[in-house]
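Presented below is the structure to which this report refers.
The values are calculated or read from the model by the stated rules, or taken from the named source; none is laboratory data. Remember, it's a predicted structure, so these values are computed and weren't measured experimentally. Backbone-built Cβ (ideal geometry, glycine too); neighbour counts: all protein chains shown.
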Amino acid sequence: MAKKNDDFFVKKKAWSVVKDELLGCYLKPYVSKILHTYKPLVYVDCFAGKGKFEDGNDGSPLIALRIIDECCASTKMKSIQVEAIFIDLNYADDLKENLKAYPWTKIVSGKYEDNIKSILRDKENCNVFLYIDPYGIKALQSSLFDYFAKGQFSSIELLINMNSFGFIREACHALGTTFDEKALFDDLVEYEPTKMDASDKSIRELNEIAGGDYWQSIIEAYTKGEINTYDAEVQFSEQYCMRLMKSYTYVLNMPVRIKRGHRPKYRLIHATNHRDGCLLMVDNICNRWETLRGIQSGGQMALWTENYDNQMVNEDDIVAKTLEHFSQCINWTSLHDALAVFFMKHGPICSTGDVKQILKKFEKDGRLAILRNPDMTVKGKPTAFMSEEKGKTVSVRWIN
């Protein structure tokens, strides 16, 4: 077993700030929306840690609980059913102390992979959200993710923190390939790094994490000098998300880098079978990019607008991608369905609102037909909304 970093919870690092920002800002609209389904919400933090850092900063458990409390307090709905469960192998006692203001929570002492099936066994027709931020990659068993997708839940969403460079590092070890660890991991603090060796057992474990053996050809290409470690990370992340799409319709990933110009070490991956959850996460990634950019730049202003992947935002390119995608809607298509597919194809390159503004321009130019229901306001004027919600639908069809 790899040596644990006992100083991990002393001070909250920039990596944790970014991850928790993304989690917290997604949870607020998510919980508010889920409460209105009138079905129970089950929130599970699968690697909860201590709940609080020694420098006084909240960890993911307290961030989530405060948001859940705020959402429950602000709604007029009655009979709200919310269950929050926190799993940790090493810090159950610390969790109990740090979460004592929330006596309704459940704390499980043990391994996520040993307990998660029993936790979800009686959650049929519930809305389930799993926050999976493991100490090492070994716990990310693809068979469990497939199992979750087959559950009889009202909905299920996964937010997974994948140490993608950590996977590449251990894949190199398992296949006997040299990997320059110091140059790539000097800015990344790991609590319990996974360690593999050149053995069949390690290869089987990596196959289980990846959900297949596709990673082996990536490492072979790296070994031959055909690609570098950064290319290997990108290829692995892309294929990992494609593998998740065998069980989840919508999969998004956000590369997390702390310094501009540096390659990502982590990928925050969101997986769901529900389009609105996908669209909500797209906007969350775009909104929280401001926080990540502030961390990267030390508060200095950028000379140009960038997206979540440190790429320059080219408005003409976004218009062109929108034109290419929606011009294929030759039959009436749900706007939200079409948007979800758009962002699955291109990633969260802009907000959903940005695309909707382009579509309204297409509508004005007579290139796109938009069918709104209801099509008239109570005052008898044509409606102009671009969001599908309770009592409202929007369909689009390309004209020329």
- Output the residues belonging to the stretch 226-246 that are under 17 Å from the mean Cα position of the chain (by Cα) and under 14 Å from C172 (Cβ atoms). F236
- Give the stretch 57-88 a look and list any residue that's in a helix (DSSP H, G or I) and closer than 17 Å to P103 by Cβ, or say none. P61, L62, A64, L65, R66, I68, D69, C72, A73
- Out of L22, L65, which single residue is at pLDDT 90 or above and hydrophobic (A, V, I, L, M, F, W, C)? L65
- Note on the structure: Filtering the stretch 126-140 for residues that are modelled with pLDDT of 95 or more and assigned to a loop (DSSP other than H, G, I, E, B) leaves a count of 1
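Residue under question is T75, and the condition is that it be touching a helix residue (DSSP H, G or I) at 6+ places or on another chain (Cβ under 8 Å), among the polar types (S, T, N, Q) and over 23 Å from F148 (Cβ atoms); does it hold? Show your work before the answer.
Details: touching a helix residue (DSSP H, G or I) at 6+ places or on another chain (Cβ under 8 Å): yes; among the polar types (S, T, N, Q): yes; over 23 Å from F148 (Cβ atoms): yes.
Judged against the criteria, T75 is a match.
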- Task: Tell me, yes or no, whether the stretch 351-358 has at least one residue that is modelled with pLDDT of 95 or more and touching a strand residue (DSSP E or B) at 6+ places or on another chain (Cβ under 6 Å).
- Result: no
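When residues of the stretch 344-369 are filtered for being β-branched (V, I, T) and in contact with a Leu (Cβ under 7 Å, 6 or more places away or on another chain), how many remain? So that I can check it myself, show each step before the final result.
To start, the set of residues in the stretch 344-369 that are β-branched (V, I, T) comprises 349, 352, 355, 358.
This time we only want the ones that are in contact with a Leu (Cβ under 7 Å, 6 or more places away or on another chain), so: 352, 355.
Of the residues in that region, 2 qualify.
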- Task: Any chance you could count how many residues in the stretch 93-120 are over 24 Å from E208 (Cα atoms), under 25 Å from the mean Cα position of the chain (by Cα) and buried (at least 17 other Cβ atoms within 10 Å of the Cβ)?
- Result: 5
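So that you can scan it fast, the table gives a plain yes or no per residue for (1) more than 22 Å from E238 (Cβ to Cβ); (2) touching a residue at least 40 places away in the same chain (Cβ under 8 Å); (3) assigned to a loop (DSSP other than H, G, I, E, B):
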residue: D317; (1), (2), (3): no, no, no
residue: N331; (1), (2), (3): yes, yes, yes
residue: L339; (1), (2), (3): no, yes, no
residue: C350; (1), (2), (3): no, yes, yes
residue: V355; (1), (2), (3): yes, no, no
residue: I358; (1), (2), (3): yes, yes, no
residue: G366; (1), (2), (3): yes, no, yes
residue: V378; (1), (2), (3): yes, no, yes
residue: F385; (1), (2), (3): yes, no, yes
